[in-house]
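Written below as structure tokens is the structure these notes are about.
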Amino acid sequence: MLVIDNYVFKLNKTTTTTKYYRCEHRECDVTVHTDINNVLLKTEGNHCHVIEPEKNKIRIFKQVLKERVINESTPIPKIYGEELAKMMLTLATIAILPSQREMSM
Ligand SMILES: [Zn+2]
């Protein structure tokens, strides 16, 4: 899973040198190529939908939790607490910070 500008991409295919991601939105055909270290190589297409950063954050949170639970021996409540703290921080930042447009007024 990959997040670029709040758009969420799913891993579609992996080769020895390149990972191919696809926008997770069903009707969207944006594809992203990265190298094996997730360094962005190429983006193709335009998103046909708008992003919902807050909704995405919660889904990403769940995804990160799932992955950490699988990959780490850290107790689940500890992982949950850590990730929740991180997420609350980013959500609070989104809510509090004025948008760029407001700043220039
Ligand atoms: Zn898209």
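The values are calculated or read from the model by the stated rules, or taken from the named source; none is laboratory data. Keep in mind that what you see is a predicted model, and the values were worked out from it rather than measured. As a convention, Cβ positions derive from the backbone with ideal geometry for all residues, glycine included, and neighbour counts pool all protein chains shown. In case anyone asks, the SASA skips ligands and DNA or RNA and just uses the protein heavy atoms, side chains included. Shrake-Rupley method; radii C 1.70, N 1.55, O 1.52, S 1.80 Å.
Rounded if a/c is under 1.5, else prolate if a/b beats b/c, else oblate: with a ≥ b ≥ c from the C-alpha gyration tensor eigenvalues square-rooted, which is the chain?
Note, shape of the chain comes out oblate.
For Ile4, which sequence-distant residues (separation of 5 or more, or a different chain) have an amide H within less than 5 Å of its own amide H, given hydrogens modelled in the peptide plane?
For Ile4, whose amide H was placed from the backbone, the distant partners under 5 Å are Phe9.
Please report the net charge: other residues with Cβ closer than 12 Å to the Cβ of Tyr20, K and R +1, D and E -1.
Its environment carries a net charge of +3.
At a probe size of 1.4 Å, how large is the accessible area of Thr90, to the nearest 10 Å²?
The accessible area comes out at roughly 60 Å².
Kindly provide the trypsin sites (Lys or Arg not before Pro) of the range 7-40 that DSSP labels as loop, not H, G, I, E or B, and whose Cβ sees at most 16 other Cβ atoms within 10 Å.
Arg26
Hey, what did the range 2-44 get for relative contact order, percent, Cα under 8 Å, at least 6 apart?
27 percent
Roughly speaking, to the nearest percent, how much of the range 1-59's 1.4 Å accessible area is carbon and sulfur?
Accessible surface attributable to carbon and sulfur in the range 1-59 totals 48 percent.
Taking 8 Å as the Cα distance limit and 6 or more residues as the minimum spacing, I'd like the relative contact order of the range 12-68 as a percentage.
22 percent
Compute, for Tyr21, the solvent-accessible surface of its heavy atoms (probe 1.4 Å) with the complete set of protein chains present, and express it in square angstrom to the nearest 10.
10 Å²
Holding the Cα-Cα limit at 18 Å, pick out from Lys55/Lys78; Lys10/Lys78; Lys42/Lys86; Lys66/Lys86; Lys42/Lys66; Lys13/Lys55 the pairs that are longer than that.
Result: Lys55/Lys78; Lys10/Lys78; Lys42/Lys86; Lys42/Lys66; Lys13/Lys55 exceed 18 Å.
Please tell me the relative contact order of the chain in percent, rounded to the nearest whole number, where contacts are Cα pairs under 8 Å and at least six residues apart.
With pairs under 8 Å counted, the relative contact order is 15 percent.
Taking C-beta distances below 4.7 angstrom as the pairing criterion, name the unpartnered cysteines of the chain, in sequence order.
Cysteines of the chain left without a disulfide-compatible partner: Cys48.
Taking just the alpha carbons, could you work out the radius of gyration and Dmax for the range 1-45, both in angstroms?
My reading of the Cα-based Rg and Dmax gives 9.6, 28 Å.
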